[in-house]
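Participant: Please see the structure below; I have some questions.
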(Lines give C-alpha, C1' and ligand atoms only; values in the text may rest on other atoms or scores of the structure.)
Protein backbone atom coordinates (compact mmCIF):
# COMPACT_ATOMS: atom_id res chain seq x y z
CA UNK A 1 0.00 0.00 0.00
CA UNK A 2 2.95 2.31 0.55
CA UNK A 3 3.97 1.97 -3.10
CA UNK A 4 0.40 2.67 -4.23
CA UNK A 5 0.33 5.78 -2.01
CA UNK A 6 3.59 6.96 -3.55
CA UNK A 7 2.30 6.45 -7.08
CA UNK A 8 -0.96 8.26 -6.37
CA UNK A 9 0.81 11.11 -4.58
CA UNK A 10 3.18 11.49 -7.50
CA UNK A 11 0.31 11.82 -9.99
CA UNK A 12 -1.49 14.35 -7.75
CA UNK A 13 1.69 16.38 -7.37
CA UNK A 14 2.16 16.51 -11.14
CA UNK A 15 -1.44 17.62 -11.64
CA UNK A 16 -0.98 20.44 -9.16
CA UNK A 17 2.37 21.40 -10.66
CA UNK A 18 0.90 21.73 -14.15
CA UNK A 19 -2.07 23.74 -12.88
CA UNK A 20 0.00 25.98 -10.62
CA UNK A 21 2.57 26.82 -13.27
CA UNK A 22 -0.15 27.55 -15.81
CA UNK A 23 -1.90 29.80 -13.27
CA UNK A 24 1.31 31.70 -12.55
CA UNK A 25 1.90 32.22 -16.29
CA UNK A 26 -1.65 33.53 -16.67
CA UNK A 27 -1.31 35.90 -13.72
CA UNK A 28 2.08 37.25 -14.77
CA UNK A 29 0.64 39.69 -17.29
CA UNK A 30 -2.12 40.66 -14.88
CA UNK A 31 0.44 41.57 -12.22
CA UNK A 32 2.41 43.66 -14.66
CA UNK A 33 -0.76 45.52 -15.62
CA UNK A 34 -1.44 46.54 -12.03
CA UNK A 35 2.12 47.56 -11.21
CA UNK A 36 1.76 51.00 -12.78
CA UNK A 37 -1.62 51.46 -11.10
CA UNK A 38 -0.09 50.68 -7.69
CA UNK A 39 2.66 53.29 -8.22
CA UNK A 40 0.11 55.86 -9.31
CA UNK A 41 -2.06 55.25 -6.25
CA UNK A 42 0.90 55.47 -3.88
CA UNK A 43 1.92 58.83 -5.39
CA UNK A 44 -1.63 60.24 -5.26
CA UNK A 45 -2.20 59.41 -1.59
CA UNK A 46 1.13 60.92 -0.53
CA UNK A 47 3.47 60.05 2.30
CA UNK A 48 0.74 60.29 4.90
CA UNK A 49 -0.76 57.07 3.66
CA UNK A 50 2.38 54.97 3.38
CA UNK A 51 0.97 52.40 5.78
CA UNK A 52 -1.95 51.85 3.38
CA UNK A 53 0.04 51.92 0.14
CA UNK A 54 -1.75 50.08 -2.63
CA UNK A 55 1.63 48.77 -3.80
CA UNK A 56 1.64 46.27 -0.94
CA UNK A 57 0.04 42.98 -1.92
CA UNK A 58 -1.15 40.86 1.00
CA UNK A 59 0.12 37.30 0.93
CA UNK A 60 -2.40 35.06 -0.80
CA UNK A 61 -3.53 31.98 1.04
CA UNK A 62 -2.68 28.94 -1.06
CA UNK A 63 -5.23 26.16 -1.04
CA UNK A 64 -2.55 23.58 -1.79
CA UNK A 65 -0.38 21.81 0.77
CA UNK A 66 3.12 23.13 1.27
CA UNK A 67 4.58 19.88 0.00
CA UNK A 68 3.03 20.32 -3.45
CA UNK A 69 4.30 23.88 -3.72
CA UNK A 70 7.74 22.73 -2.66
CA UNK A 71 7.73 20.03 -5.33
CA UNK A 72 6.68 22.53 -7.99
CA UNK A 73 9.32 25.02 -6.92
CA UNK A 74 12.01 22.37 -6.78
CA UNK A 75 11.16 20.85 -10.18
CA UNK A 76 10.97 24.18 -11.99
CA UNK A 77 14.19 25.42 -10.36
CA UNK A 78 16.25 22.46 -11.60
CA UNK A 79 17.85 22.07 -15.03
CA UNK A 80 15.39 20.48 -17.45
CA UNK A 81 17.21 17.16 -17.53
CA UNK A 82 17.09 16.77 -13.73
CA UNK A 83 13.31 17.29 -13.73
CA UNK A 84 12.91 14.87 -16.64
CA UNK A 85 14.92 12.13 -14.91
CA UNK A 86 13.00 12.61 -11.66
CA UNK A 87 9.65 12.29 -13.47
CA UNK A 88 10.89 9.26 -15.41
CA UNK A 89 11.85 7.54 -12.16
CA UNK A 90 8.47 8.48 -10.71
CA UNK A 91 6.83 6.59 -13.59
CA UNK A 92 8.71 3.49 -12.43
CA UNK A 93 6.93 3.73 -9.07
CA UNK A 94 3.61 3.45 -10.93
CA UNK A 95 4.72 -0.01 -12.08
CA UNK A 96 3.57 -1.24 -8.67
CA UNK A 97 -0.04 -0.13 -9.33
CA UNK A 98 -1.22 -3.60 -10.33
CA UNK A 99 0.38 -5.17 -7.29
CA UNK A 100 -1.28 -2.60 -5.05
CA UNK A 101 -4.68 -3.81 -6.27
CA UNK A 102 -4.02 -7.55 -6.28
CA UNK A 103 -1.65 -8.23 -3.37
CA UNK A 104 -3.89 -6.77 -0.61
CA UNK A 105 -6.58 -9.17 -1.78
CA UNK A 106 -4.08 -12.00 -1.16
CA UNK A 107 -4.76 -13.57 -4.52
CA UNK A 108 -2.24 -16.39 -4.41
CA UNK A 109 -3.73 -18.39 -7.26
CA UNK A 110 -5.78 -16.60 -9.88
CA UNK A 111 -9.16 -18.26 -10.26
CA UNK A 112 -10.42 -19.08 -13.74
CA UNK A 113 -12.90 -16.20 -14.04
CA UNK A 114 -10.44 -13.66 -12.63
CA UNK A 115 -7.74 -14.94 -14.95
CA UNK A 116 -9.61 -14.68 -18.25
CA UNK A 117 -11.26 -11.41 -17.19
CA UNK A 118 -7.89 -9.91 -16.32
CA UNK A 119 -6.28 -11.14 -19.52
CA UNK A 120 -9.19 -9.74 -21.56
CA UNK A 121 -8.75 -6.33 -19.96
CA UNK A 122 -4.99 -6.40 -20.55
CA UNK A 123 -5.23 -7.54 -24.18
CA UNK A 124 -7.89 -4.94 -25.00
CA UNK A 125 -5.77 -2.20 -23.45
CA UNK A 126 -2.84 -3.32 -25.63
CA UNK A 127 -4.89 -3.27 -28.85
CA UNK A 128 -6.61 0.03 -28.06
CA UNK A 129 -3.34 1.64 -26.99
CA UNK A 130 -1.70 0.59 -30.26
CA UNK A 131 -4.55 1.75 -32.53
CA UNK A 132 -5.91 4.76 -30.61
CA UNK A 133 -2.70 6.29 -29.23
CA UNK A 134 0.58 4.92 -30.56
CA UNK A 135 0.00 4.56 -34.30
CA UNK A 136 -1.87 7.89 -34.71
CA UNK A 137 1.03 9.71 -33.02
CA UNK A 138 3.61 7.85 -35.07
CA UNK A 139 1.76 8.93 -38.24
CA UNK A 140 1.16 12.52 -37.16
CA UNK A 141 2.49 14.97 -39.76
CA UNK A 142 3.83 12.15 -41.94
CA UNK A 143 3.96 12.21 -45.74
CA UNK A 144 3.31 9.12 -47.88
CA UNK A 145 6.90 7.88 -47.76
CA UNK A 146 7.08 8.30 -43.99
CA UNK A 147 3.77 6.47 -43.57
CA UNK A 148 5.22 3.53 -45.47
CA UNK A 149 8.31 3.36 -43.26
CA UNK A 150 6.15 3.70 -40.14
CA UNK A 151 4.10 0.73 -41.36
CA UNK A 152 7.29 -1.26 -41.93
CA UNK A 153 8.45 -0.43 -38.40
CA UNK A 154 5.10 -1.60 -36.98
CA UNK A 155 5.32 -4.82 -39.01
CA UNK A 156 8.84 -5.39 -37.69
CA UNK A 157 7.50 -5.00 -34.15
CA UNK A 158 4.86 -7.66 -34.83
CA UNK A 159 7.39 -10.12 -36.23
CA UNK A 160 9.88 -9.48 -33.42
CA UNK A 161 7.32 -10.29 -30.72
CA UNK A 162 6.05 -13.36 -32.57
CA UNK A 163 9.59 -14.76 -32.58
CA UNK A 164 9.81 -14.64 -28.76
CA UNK A 165 7.90 -17.92 -28.14
CA UNK A 166 10.34 -19.77 -30.40
CA UNK A 167 13.31 -18.29 -28.52
CA UNK A 168 11.74 -19.18 -25.17
CA UNK A 169 11.04 -22.74 -26.31
CA UNK A 170 14.62 -23.11 -27.55
CA UNK A 171 15.92 -21.75 -24.23
CA UNK A 172 13.79 -24.15 -22.19
CA UNK A 173 14.86 -27.09 -24.33
CA UNK A 174 18.51 -26.13 -23.91
CA UNK A 175 18.10 -25.93 -20.12
CA UNK A 176 16.34 -29.31 -20.01
CA UNK A 177 19.31 -30.90 -21.73
CA UNK A 178 21.64 -29.50 -19.08
CA UNK A 179 19.41 -30.36 -16.12
CA UNK A 180 18.00 -33.71 -17.26
CA UNK A 181 19.49 -35.46 -14.23
CA UNK A 182 18.04 -33.01 -11.69
CA UNK A 183 14.77 -33.38 -9.81
CA UNK A 184 11.90 -31.34 -11.28
CA UNK A 185 10.84 -30.40 -7.78
CA UNK A 186 13.60 -27.86 -7.25
CA UNK A 187 13.22 -26.15 -10.60
CA UNK A 188 11.80 -22.67 -11.07
CA UNK A 189 8.11 -22.38 -11.98
CA UNK A 190 7.38 -22.41 -15.70
CA UNK A 191 6.73 -18.99 -17.23
CA UNK A 192 4.69 -18.75 -20.42
CA UNK A 193 6.20 -17.01 -23.44
CA UNK A 194 3.55 -14.30 -23.53
CA UNK A 195 4.71 -13.11 -20.09
CA UNK A 196 8.26 -12.58 -21.37
CA UNK A 197 6.89 -10.91 -24.52
CA UNK A 198 4.87 -8.58 -22.30
CA UNK A 199 8.04 -7.50 -20.49
CA UNK A 200 9.72 -6.72 -23.83
CA UNK A 201 6.80 -4.60 -25.05
CA UNK A 202 6.67 -2.80 -21.71
CA UNK A 203 10.34 -1.90 -22.01
CA UNK A 204 9.72 -0.42 -25.47
CA UNK A 205 6.65 1.48 -24.31
CA UNK A 206 8.43 3.01 -21.34
CA UNK A 207 11.37 3.99 -23.56
CA UNK A 208 8.98 5.90 -25.82
CA UNK A 209 7.42 7.59 -22.77
CA UNK A 210 10.90 8.64 -21.66
CA UNK A 211 11.58 10.29 -25.01
CA UNK A 212 8.31 12.21 -24.72
CA UNK A 213 9.14 13.33 -21.17
CA UNK A 214 12.63 14.46 -22.16
CA UNK A 215 11.43 16.47 -25.14
CA UNK A 216 8.63 18.08 -23.12
CA UNK A 217 10.84 19.13 -20.19
CA UNK A 218 13.42 20.47 -22.64
CA UNK A 219 10.67 22.64 -24.15
CA UNK A 220 9.67 24.16 -20.79
CA UNK A 221 8.57 23.52 -17.22
CA UNK A 222 4.83 23.82 -17.87
CA UNK A 223 5.05 21.44 -20.82
CA UNK A 224 7.08 19.01 -18.73
CA UNK A 225 4.58 19.01 -15.84
CA UNK A 226 1.62 18.52 -18.19
CA UNK A 227 3.43 15.72 -20.03
CA UNK A 228 4.37 13.92 -16.82
CA UNK A 229 0.76 14.09 -15.63
CA UNK A 230 -0.55 12.67 -18.91
CA UNK A 231 2.00 9.83 -18.91
CA UNK A 232 1.18 8.98 -15.27
CA UNK A 233 -2.56 8.80 -15.95
CA UNK A 234 -2.00 6.81 -19.12
CA UNK A 235 0.30 4.33 -17.36
CA UNK A 236 -2.15 3.31 -14.63
CA UNK A 237 -4.41 1.00 -16.70
CA UNK A 238 -1.37 -0.22 -18.64
CA UNK A 239 0.50 -1.24 -15.49
CA UNK A 240 -2.57 -2.94 -14.01
CA UNK A 241 -2.92 -4.95 -17.22
CA UNK A 242 0.79 -5.80 -17.19
CA UNK A 243 0.54 -7.17 -13.66
CA UNK A 244 -2.42 -9.33 -14.64
CA UNK A 245 -0.64 -10.73 -17.70
CA UNK A 246 2.61 -11.47 -15.87
CA UNK A 247 0.80 -13.09 -12.94
CA UNK A 248 -1.27 -15.31 -15.25
CA UNK A 249 1.89 -16.16 -17.23
CA UNK A 250 3.36 -17.81 -14.14
CA UNK A 251 5.65 -15.19 -12.64
CA UNK A 252 5.87 -15.40 -8.84
CA UNK A 253 4.87 -12.09 -7.27
CA UNK A 254 8.40 -11.26 -6.11
CA UNK A 255 9.96 -11.86 -9.52
CA UNK A 256 7.03 -10.12 -11.20
CA UNK A 257 7.54 -6.91 -9.23
CA UNK A 258 11.29 -6.98 -9.79
CA UNK A 259 11.16 -7.59 -13.54
CA UNK A 260 8.31 -5.14 -14.08
CA UNK A 261 10.21 -2.45 -12.18
CA UNK A 262 13.37 -3.09 -14.22
CA UNK A 263 11.34 -2.88 -17.44
CA UNK A 264 9.93 0.47 -16.33
CA UNK A 265 13.43 1.90 -15.90
CA UNK A 266 13.83 2.09 -19.68
CA UNK A 267 11.88 5.35 -19.30
CA UNK A 268 15.14 6.77 -17.95
CA UNK A 269 16.85 5.56 -21.12
CA UNK A 270 14.40 7.55 -23.25
CA UNK A 271 15.17 10.70 -21.26
CA UNK A 272 18.87 9.90 -21.63
CA UNK A 273 18.51 9.72 -25.41
CA UNK A 274 17.01 13.23 -25.51
CA UNK A 275 19.70 14.40 -23.08
CA UNK A 276 22.41 13.19 -25.47
CA UNK A 277 20.82 14.10 -28.81
CA UNK A 278 18.92 17.19 -27.66
CA UNK A 279 15.56 18.20 -29.12
CA UNK A 280 16.74 17.51 -32.65
CA UNK A 281 15.31 15.82 -35.71
CA UNK A 282 17.15 12.65 -34.74
CA UNK A 283 15.30 12.42 -31.42
CA UNK A 284 11.97 12.95 -33.20
CA UNK A 285 12.80 10.27 -35.79
CA UNK A 286 13.76 7.75 -33.10
CA UNK A 287 10.55 8.55 -31.23
CA UNK A 288 8.39 8.12 -34.33
CA UNK A 289 9.74 4.73 -35.38
CA UNK A 290 10.12 3.34 -31.88
CA UNK A 291 6.47 4.26 -31.30
CA UNK A 292 5.44 2.42 -34.47
CA UNK A 293 7.55 -0.62 -33.53
CA UNK A 294 5.95 -0.63 -30.07
CA UNK A 295 2.44 -0.43 -31.57
CA UNK A 296 3.16 -3.45 -33.76
CA UNK A 297 4.52 -5.40 -30.80
CA UNK A 298 1.39 -4.55 -28.76
CA UNK A 299 -0.87 -5.89 -31.52
CA UNK A 300 1.12 -9.11 -31.91
CA UNK A 301 1.23 -9.72 -28.17
CA UNK A 302 -2.50 -9.17 -27.69
CA UNK A 303 -3.86 -10.89 -30.80
CA UNK A 304 -1.36 -13.74 -31.14
CA UNK A 305 -0.70 -14.61 -27.47
CA UNK A 306 -3.01 -13.07 -24.86
CA UNK A 307 -6.42 -13.41 -26.54
CA UNK A 308 -5.75 -17.08 -27.47
CA UNK A 309 -4.90 -17.65 -23.80
CA UNK A 310 -8.28 -16.12 -22.88
CA UNK A 311 -10.08 -18.52 -25.22
CA UNK A 312 -8.09 -21.50 -23.95
CA UNK A 313 -8.85 -20.66 -20.31
CA UNK A 314 -12.57 -20.28 -20.99
CA UNK A 315 -12.76 -23.63 -22.81
CA UNK A 316 -10.70 -25.33 -20.12
CA UNK A 317 -12.85 -24.21 -17.19
CA UNK A 318 -16.30 -23.99 -18.84
CA UNK A 319 -17.11 -27.24 -20.66
CA UNK A 320 -20.76 -26.33 -21.34
CA UNK A 321 -21.72 -24.05 -24.22
CA UNK A 322 -23.98 -21.93 -22.01
CA UNK A 323 -21.18 -21.23 -19.51
CA UNK A 324 -18.82 -20.34 -22.37
CA UNK A 325 -21.44 -17.95 -23.77
CA UNK A 326 -21.72 -16.07 -20.47
CA UNK A 327 -17.95 -16.04 -20.07
CA UNK A 328 -17.50 -14.55 -23.54
CA UNK A 329 -20.25 -12.00 -22.82
CA UNK A 330 -18.39 -10.97 -19.65
CA UNK A 331 -15.16 -10.60 -21.64
CA UNK A 332 -16.97 -8.46 -24.20
CA UNK A 333 -18.25 -6.13 -21.47
CA UNK A 334 -14.74 -5.89 -20.01
CA UNK A 335 -13.34 -5.05 -23.45
CA UNK A 336 -15.86 -2.26 -23.91
CA UNK A 337 -14.99 -0.86 -20.48
CA UNK A 338 -11.25 -1.02 -21.29
CA UNK A 339 -11.73 0.78 -24.61
CA UNK A 340 -13.87 3.45 -22.93
CA UNK A 341 -11.12 3.95 -20.33
CA UNK A 342 -8.45 4.41 -23.02
CA UNK A 343 -10.64 6.81 -25.01
CA UNK A 344 -11.45 8.83 -21.87
CA UNK A 345 -7.76 9.09 -21.05
CA UNK A 346 -7.08 10.19 -24.64
CA UNK A 347 -9.69 12.95 -24.34
CA UNK A 348 -8.17 14.04 -21.03
CA UNK A 349 -4.71 14.20 -22.58
CA UNK A 350 -6.02 16.00 -25.66
CA UNK A 351 -7.86 18.60 -23.55
CA UNK A 352 -4.82 19.13 -21.36
CA UNK A 353 -2.60 19.53 -24.41
CA UNK A 354 -5.09 21.95 -26.02
CA UNK A 355 -5.02 24.12 -22.91
CA UNK A 356 -1.23 24.32 -22.97
CA UNK A 357 -0.55 24.01 -26.67
CA UNK A 358 -0.50 27.72 -27.45
CA UNK A 359 2.42 28.39 -25.15
CA UNK A 360 4.32 25.12 -25.24
CA UNK A 361 4.54 24.26 -28.90
CA UNK A 362 5.17 20.68 -29.94
CA UNK A 363 4.52 18.65 -26.80
CA UNK A 364 2.24 15.95 -28.15
CA UNK A 365 4.83 13.25 -27.63
CA UNK A 366 3.76 12.83 -24.00
CA UNK A 367 0.62 10.95 -24.94
CA UNK A 368 2.63 7.97 -26.13
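The values are calculated or read from the model by the stated rules, or taken from the named source; none is laboratory data. The structure presented is a predicted model; accordingly, all values stated were derived computationally and were not measured. Backbone-built Cβ (ideal geometry, glycine too); neighbour counts: all protein chains shown.
This table checks each residue for (1) assigned to a helix (DSSP H, G or I); (2) under 20 Å from the mean Cα position of the chain (by Cα); (3) surrounded by fewer than 20 Cβ atoms within 10 Å (Cβ to Cβ); (4) at pLDDT 90 or above.
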| residue | (1), (2), (3), (4) |
| --- | --- |
| 304 | yes, no, yes, yes |
| 308 | yes, no, yes, yes |
| 311 | yes, no, yes, yes |
| 327 | yes, no, no, yes |
| 335 | yes, yes, yes, yes |
| 338 | yes, yes, no, yes |
| 345 | yes, yes, no, no |
| 354 | yes, yes, yes, no |
| 357 | yes, no, yes, no |
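Participant: For the condition at pLDDT below 85, surrounded by fewer than 21 Cβ atoms within 10 Å (Cβ to Cβ) and under 30 Å from residue 79 (Cα atoms), what is the one hit in 285, 233, 253?
Facilitator: Checking each option against the conditions leaves just 233.
Participant: With 241, 195, 220 as the choices, which residue is in contact with a helix residue (DSSP H, G or I) (Cβ under 7 Å, 6 or more places away or on another chain) and within 17 Å of residue 81 (Cα to Cα)?
Facilitator: Residue meeting the stated conditions: 220.
Participant: Let me ask something else about it. Kindly indicate whether residue 272 is part of a helix (DSSP H, G or I), more than 23 Å from residue 163 (Cβ to Cβ) and free of Cβ contacts under 8 Å to residues at least 12 places away in the same chain.
Facilitator: No, not satisfied.
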